[in-house]
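The values are calculated or read from the model by the stated rules, or taken from the named source; none is laboratory data. Just so you know, these numbers come straight off a predicted model, no measurement behind them. Cβ coordinates were reconstructed from backbone atoms using ideal geometry, including for glycine residues, and neighbour counts include every protein chain displayed.
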Amino acid sequence: MKKLLALLLCVCMVLAFAGCSKTEAPAASASDNTASTDTAKADDSASDDAAAEAPAASESMVYTDLYVSEVTTLNYLIASQAWDQESAANTVDSLVENDQYGNIIPGLAESWENSDDGLTWTFHLRKGVKWYDYQGNEIAELTANDFVAAAKYVMTSENESLTFDQIACVKNARAYYNKEVTDFAEVGVSAPDDYTLVYTLEQATPYFLSGLTYTCWFPAYGPQLEELGTSFGTDIDKIYFCGAYILSEFEPQGHHKYVKNENNWDADRIYITEINRIYNAEAETLAPQMVLRGEADACSITTDIVDDWKANYADYLSKERSDVMWSYFYTFNFNPTYDESYAPADWSIAVNNSNFRHSIMSAFNRAYSITAYEPDDPESIMQQTITPATFCNDGTTDFAAQSVFADNAKLFYNEATALEYKAKAVEELTAAGVTFPIQVIIGYKSGDTDWENECILVKQQLEGVLGTDYINCVLWAGPSENFLAETRKAGKYSIMRCNWGADYIDPQTWTDPFDGKDNINEETGKCIGNTYNRMDSYLWDEDKAATAPETAAALKEYYDKVAAAKAEVTNMPARYAAFAAAEDVLLENAFVIPYYTSPSSYRATKINIFDGQYCPSGVSNYRFKWLKVADHYITMDEFEANQAAWMEGFAK
């Protein structure tokens with residue numbers, strides 16, 4: 001099995017290389033990096049086999065599962081959370097899509113071309129695509145103007161889109177957002193006619209095409225947007241659909257029902273006719289029992305019950321696809337807001353001490369705590385960089401293999417080194433007036449058994465290496481609902497495992513958590529600060545920076561290096577080297593501890609996930625389009641055979 005996983009990683013590397021270098025355009029797509037006037041044409045050959053296997057139009061194929069996190073909005077133009085984007089992924093189509101191997105293929109755009117200077121992208125839309133309401137009533141034809149209206153909505157600061165940064169590469173987008181340009185006609189998005197859409201960019205953007213499956217680039221019916229404004233997407237009667245499915249029922253903390261859009265342009269490859277998603281706060285516990293009773297078609301199998309399932313329900317057990325779309329890492333919180341009883345003032349002094357941070361980093365046996373998710377082979381998903389290995393490549397070298405990372409091993413688990421850092425930190429922090437042991441609040445989500453088990457392992461292991469005379473790890477269970485807003489964003493932790501999902505195939509996407517994506521300065525309207533470490537004040541507050549000059553200087557160095565990397569848009573090796581140098585600042589200063597990528601976790605499912613669309617960015621992985629519900633739960637043997645078939649197909 002390990003050999004198979006290793007082979008899969010190699011395949012994923014090739015996939016990421018092809019997607020990221022963009023100098024080799026996949027069949028049926030335009031090159032995403034080369035300045036070309038070649039037109040991308042639809043390639044229907046890939047769909048021949050799938051169409052031949054499609055069920056008859058009259059057949060019903062129903063899928064049912066449970067979900068635990070309710071969506072906060074149906075407004076996909078402002079949403080940034082994965083569970084908020086899943087609905088749009090299935091109900092609104094995008095200009096381009098990904099096939100099951102990650103290649104970019106036509107979607108709502110049948111073809112496209114890029115100008116010689118790389119600045120202008122022209123898309124030619126399908127005719128006859130319609131908008132429908134939640135009852136399935138036809139509203140109007142989709143036109144290029146709907147993309148223009150959606151872009152204007154995202155770029156209007158009053159709408160508070162959390163995904164604006166993804167579309168800010170468009171000419172004058174940021175100027176319009178900041179009110180420096182008031183006439184939207186000066187922004188680089190236009191519709192010369194109903195079926196032609198043109199984007200003009202501020203500068204050549206290497207990742208542009210790969211980012212178009214992110215929801216901020218989706219269309220929305222213009223007249224409805226203009227009428228509803230910020231009320232758009234607040235319920236199913238305030239949104240229209242043009243995708244594979246129509247959201248026909250939506251009861252928050254109740255259920256969601258999706259029905260197949262029989263009139264979709266790709267209807268022959270939409271096999272599941274009805275999707276029922278049922279809310280339950282205890283879904284993690286209840287869903288496995290519902291699977292065994294035949295009441296649900298899928299569920300996660302957590303590590304605390306996997307041995308029982310291996311012994312008693314092996315015919316139900318398989319795995320998820322492992323991919324590099326998500327990177328998980330531990331962050332240090334430089335602005336804690338938890339209760340005074342946990343001595344946040346002591347933590348604030350300690351976290352600004354480099355030796356203290358490095359003592360934690362060196363004492364952290366990541367392979368040990370990862371067993372909460374991957375008990376069989378934890379090192380197979382452990383990462384040495386924030387940008388996952390195999391995610392992208394500059395044409396010759398995997399980003400994570402850049403030479404600047406060659407000595408990364410010295411940063412990580414080494415008990416002797418950790419104790420050396422501890423001794424230095426104790427001396428310095430004692431002189432600064434810190435009281436030991438330092439309280440270390442480790443946050444996790446209530447009801448997430450695997451995460452709780454991970455935190456228990458982290459506590460045991462850190463205290464075991466560094467001693468309870470130095471640190472006292474306190475496990476804090478955050479709420480099961482609104483966890484992100486009430487925990488990380490609220491600053492109620494000392495260290496915590498966080499994550500980020502790629503928005504496009506380029507290392508720049510992994511700077512977003514630390515590059516001010518969702519932190520707006522009220523006076524300037526500009527994004528600032530390191531939001532995941534809550535370090536923004538060190539950039540603009542001179543008094544705060546003066547209290548920790550080394551921290552402030554390191555953060556400024558990171559920002560300067562990111563800016564330099566973003567400015568390099570033609571020389572890919574130089575661009576990647578620059579981003580690697582920036583990321584190295586976070587690692588060398590122990591601001592962030594790389595952890596793992598999404599594991600191939602155990603689950604029970606009736607779906608062969610390898611039939612579906614795939615890409616390590618955007619929302620392709622959320623789409624049910626192309627998937628089928630089998631008449632039985634996929635076994636491990638079937639999973640491995642399906643995985644092998646996927647790898648063989650990719651090799652072709």
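Points worth noting:
- Residue in the range 303-314 that is small (Gly, Ala, Ser), modelled with pLDDT of 95 or more and not assigned by TED's automatic domain parsing to the domain that holds residue 462 present: yes
- The range 615-627, residues that are modelled with pLDDT of 90 or more and not charged (D, E, K, R): 619, 620, 621, 622, 624, 626, 627
- Unique match (being on the phi > 0 side of the Ramachandran plot, small (Gly, Ala, Ser) and modelled with pLDDT of 95 or more) among 102, 118, 107, 128: 128
- Residue list for the range 266-278, filter: over 25 Å from residue 317 (Cβ atoms), of a type outside the set (S, T, N, Q) and not in a helix (DSSP H, G or I): 266, 270, 274
- Conditions (1) of a type in the set (D, E, K, R); (2) surrounded by fewer than 19 Cβ atoms within 10 Å (Cβ to Cβ); (3) at pLDDT below 95; number of the one not met by residue 284: (2)
- Selection count, the range 594-652, where residues are assigned to a helix (DSSP H, G or I) and of a type in the set (Gly, Ala, Ser): 6
- Here is the figure for the range 606-641: residues that are of a type in the set (Val, Ile, Thr) and closer than 21 Å to residue 326 by Cα total 2.
- Note on the range 207-255: residues that are of a type in the set (Ser, Thr, Tyr) and under 30 Å from residue 104 (Cβ atoms) total 8.
- Residue satisfying condition, being of a type outside the set (Asp, Glu) and buried (at least 21 other Cβ atoms within 10 Å of the Cβ), within set 245, 313, 279: 245
- Hits in the range 292-306 - residues which are more than 30 Å from the chain's Cα centre (by Cα) and not in a loop (DSSP other than H, G, I, E, B): 292
- Considering residues of the range 358-394 that are hydroxyl-bearing (Ser, Thr, Tyr) and touching a Pro at 6+ places or on another chain (Cβ under 6 Å) only, the residue nearest to residue 499 (Cα to Cα): 387
- Pair list, Cβ < 6 Å and 6+ apart or interchain, from the range 323-352 residues that are at pLDDT 95 or above to residues that are of a type in the set (Ser, Thr, Tyr) and in a helix (DSSP H, G or I): 352/551
- The range 420-437 - residue that is in a helix (DSSP H, G or I), of a type in the set (A, V, I, L, M) and more than 13 Å from residue 467 (Cα to Cα) and, of those, farthest from the chain's Cα centre (by Cα): 431
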